[in-house]
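Chemist: Take this structure first; my questions come after.
The values are calculated or read from the model by the stated rules, or taken from the named source; none is laboratory data. A quick note: this is a predicted structure, and the numbers were derived from the prediction, not measured. Virtual Cβ from ideal backbone geometry, glycine too; neighbours counted across all protein chains shown. In case anyone asks, the SASA skips ligands and DNA or RNA and just uses the protein heavy atoms, side chains included. Shrake-Rupley method; radii C 1.70, N 1.55, O 1.52, S 1.80 Å.
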Amino acid sequence: MRDHTVKGFSGVMTDAVVRMSRTRANYWVEFVIDIALGILFAAEGLRRHDLHPAAAWLTIVLGLFLFSFMEYCFHRWLLHGPVRLMEQGHMAHHKSPLDYDSLPFFLPALILLGLTAGFVLVMPAGQAFLLAGTLLFGYVIYGFNHFIIHHARFRRPLARKWAAYHHIHHYHPGRNFGVTTPLWDIILGTRYISCQKRI
């Protein structure tokens with residue numbers, strides 16, 4: 001009887017989190033939390049004097065590069081992969097791209113806190129905080145770009161091409177996993193190439 005109650009409670013909690021993650025409030029609260037935490041971590045990283053200015057710039061560039069790879073991996077192997085709950089949420093986005101399906105507002109912050117703890121163990125604290133803050137800003141840039149791609153109509157050809165790269169993913173879900181950059185799709189062979197260009 002107790003086991004049934006525990007499973008029932010976890011099922012109810014999971015359903016509540018899933019429902020909450022589909023709300024506009026969750027979507028925008030996550031942005032606010034991520035921006036605030038990114039500023040806090042980057043400021044703490046820069047406040048510490050254990051990082052040379054050249055190393056700080058290198059850390060920022062490395063963080064953005066690393067985030068682009070994390071974005072690709074997360075999208076390809078988790079959102080289109082074996083984690084059923086994540087795949088279901090992402091498929092809801094594919095069906096209704098204008099809806100507010102996203103991760104629960106607290107999840108990216110928790111992941112970042114875990115990553116930061118790991119970074120502090122292997123590098124100077126200032127660099128660890130700056131790297132964590134940069135990764136979070138990469139995530140915010142990704143989220144903002146993704147929102148704009150689905151909610152704006154672009155007039156300029158370059159912007160239209162940029163948005164089309166992601167829209168293609170909605171019609172060919174095994175291609176074009178990158179949102180902020182096509183770099184990893186090109187390197188890992190998942191970039192969509194139309195039949196006309198293959199000839």
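Chemist: Run the simple label-point estimate for LEU158 and VAL120 please: 7 Å along Cα→C-beta, distance reported in nm.
Modeler: 4.2
Chemist: Place +1 on the Cβ of every Lys and Arg and -1 on the Cβ of every Asp and Glu in region 1-77, take the dipole about the Cα centre, and give the residue among VAL29, ALA42, VAL17 whose Cα lies farthest towards its positive end.
Modeler: VAL17
Chemist: Take the alpha-carbon centre of region 101-116, take the same for region 143-198, and report the distance between them in whole Å.
Modeler: 25
Chemist: Please give me, ordered by residue number, the trypsin sites (Lys or Arg not before Pro) of region 123-199 that lie in loop per DSSP and have at most 10 other Cβ atoms within 10 Å.
Modeler: Filter output for region 123-199: ARG153, ARG155.
Chemist: Here's another thing I want to ask about it. May I ask for the Rg/Rh ratio of region 82-149, computed from Cα atoms with Rh as the Kirkwood radius, given to two decimals?
Modeler: Ratio value, two decimals: 1.08.
Chemist: Still on this structure: Taking only Cα atoms and a 10 Å spring cutoff, compute GNM fluctuations for the chain and point out the largest among ILE141, ILE186, ILE149.
Modeler: Of ILE141, ILE186, ILE149, the most mobile in the Gaussian network model is ILE186.
Chemist: What is the Cα radius of gyration of region 2-79 over 2.2 N^0.38 Å, N being its residue count?
Modeler: 1.65
Chemist: Another question, then. How much mean residue ellipticity at 222 nm does the chain get from its helices, if each DSSP H run of length 4 or more adds -39500 (n - 2.57) and you divide by all residues, to the nearest 500 deg cm²/dmol? Write out the running numbers ahead of the final one.
Modeler: Numbers: 9 runs with 144 residues, N = 199.
Rounded to the nearest 500, it is -24000 deg cm²/dmol.
Chemist: For region 85-199, what's the relative contact order in percent, using C-alpha pairs closer than 8 Å and at least 6 residues apart? Write out the running numbers ahead of the final one.
Modeler: Numbers: 62 pairs, mean separation 17.0, N = 115.
So the answer I get is 15 percent.
Chemist: Right, next: Roughly how many percent of the accessible protein surface of region 44-134 is carbon and sulfur, given a 1.4 Å probe and a whole-percent answer? Before the final figure, lay out the partial values.
Modeler: Details: 3760 of 5090 Å².
Heavy-atom surface of region 44-134 belonging to carbon and sulfur, 1.4 Å probe: 74 percent.
Chemist: In square nanometres, what is the average projected area of the Cα convex hull of region 82-199?
Modeler: Computed as one quarter of the Cα hull surface, the answer is 9.7 nm².
Chemist: At q = 0.08, 0.13, 0.15 Å⁻¹, what log₁₀ I(q)/I(0) does the chain have when each alpha carbon counts as one equal point scatterer in the Debye sum?
Modeler: -0.33, -0.81, -1.03
Chemist: Give me the 1.4 Å probe accessible area per residue for region 52-190, excluding ligands and nucleic acids, in Å².
Modeler: About 55 Å² of surface per residue is accessible.
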